[in-house]
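For reference, the structure discussed in these notes is given below.
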């Protein structure tokens, strides 16, 4: 990643994320009251987070790759089923992935 | 935290509202500390993705919306274009607009206070605020400001610690940090999957993303997964 790319991503993300928050304080409630819009908006984070798990855990550029990250992800899934708190989930995945990376 | 919808009659005026109880402080601070600690994971993810410690900290100071920050650095790390990173992060933050719409009539803020309120309008501040509703309008406002400001403080401190830590560690794969990002997304997704319908949406989105990955440029499968939300959300359940 070039230096300019990182600044562009940083500045644009910061400005757009703030603008999107501020918009909520200016538009009337009725504008987004349509039930279909509410239903879709409630599902968007679930779709995006689901796709992000795949993109970050199983993909390298445009290829599906099963590597040490998948082992980490599997442990994270197990920890979530066991109701572990978020930091434990992330650390569990990290340690597992590092071990597989070194000993595989 | 799920979006909570309340009716008009839940809004009490300032005069008739009782003072916020101690429980409001407790709720706000416990959420702020727990969530703030996730900042370590973001700090590490930012540096592992190739951002500097300063840039990683600026994300937390000025974007201040966890999932979007993870998305922006994650898409860049996995080879996506700047445009897809920005688009995914922005789409993930649109729920904050809905939170703002709900908080505006409860906070009734103007000028700089409105800007500050907007900046700390996130899952946690809105969630704690709305769950204070039975305790009165002042507790709602107190819950919002305390949770938002507390999350902001701890999230930024822990981002710095995570970023410095990751910088000191070096190659992300050596320390398993490249698995921390998908695990963090899974951890953010998990509490939202409160019933089988929502689980079906999540699994369908994941399968969809897997299927289109070989055919689309990096980053676009994430954006395209919004189609799954449209398909599921179009009709009533």
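What follows draws every value from the coordinates through simple rules; no lab data is involved. Keep in mind the model is a prediction, meaning the values are calculated, not measured. All Cβ positions, even for glycine, are placed from backbone atoms using ideal geometry, and neighbour counts span all protein chains on display.
Here are the numbers:
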{"item": "Solution diffusion estimate, µm²/s, Stokes-Einstein, region B:131-231, Kirkwood Rh from C-alpha pairs, 4 °C, viscosity 1.567 mPa s", "result": "75"}
{"item": "Relative contact order %, region B:104-191, counting alpha carbon pairs below 8 Å whose residues are six or more apart", "result": "20"}
{"item": "Region B:34-158: proportion of alpha-carbon pairs further apart than 22 angstrom, %", "result": "37"}
{"item": "Point-to-point label distance, residue B:54-residue B:153, nm (Cα→Cβ direction, 7 Å offset)", "result": "2.7"}
{"item": "Difference of contour (0.36 nm per residue) and Cα-Cα distance, residue A:31 to residue A:11", "result": "4.3 nm"}
{"item": "Relative contact order (%) - criterion: Cα under 8 Å, at least six apart; region: chain A", "result": "17"}
{"item": "Euclidean distance of C-alpha centroids, region B:41-112 and region B:150-215, integer Å", "result": "13"}
{"item": "Computed over chain B: relative contact order in percent, which uses C-alpha pairs under 8 Å that are six or more apart", "result": "33"}
{"item": "Using a Förster distance of 22 Å, the FRET efficiency for residue B:29-residue B:196 (Cβ separation, nearest 0.05)", "result": "0.05"}
{"item": "Global form of chain B, assessed from the alpha-carbon gyration tensor, a/c cut-off 1.5", "result": "oblate"}
{"item": "Shielding by other protein chains, B:50-60, mean Cβ within 10 Å", "result": "3"}
{"item": "Shielding by partners - mean other protein chain Cβ count within 10 Å, residues of B:98-111", "result": "3"}
{"item": "Alpha-carbon centroid distance for the pair region B:119-143 / region A:1-33, whole angstrom", "result": "22"}
{"item": "Using alpha-carbon coordinates, inclination of helix B:95-107 to the longest axis of chain B, degrees", "result": "20"}
{"item": "Descending principal axes extents, the protein assembly as shown, alpha-carbon based, whole Å", "result": "65, 45, 42"}
{"item": "Gyration tensor verdict on chain A (Cα atoms; rounded if a/c is under 1.5, prolate if a/b is larger than b/c, oblate otherwise)", "result": "prolate"}
{"item": "Helical contribution to [θ] at 222 nm, DSSP H n ≥ 4, -39,500 (n - 2.57), averaged over chain A, rounded to 500", "result": "-25000 deg cm²/dmol"}
{"item": "GNM top mover of B:211, B:188, B:160 - chain B, alpha-carbon springs below 10 Å", "result": "B:211"}
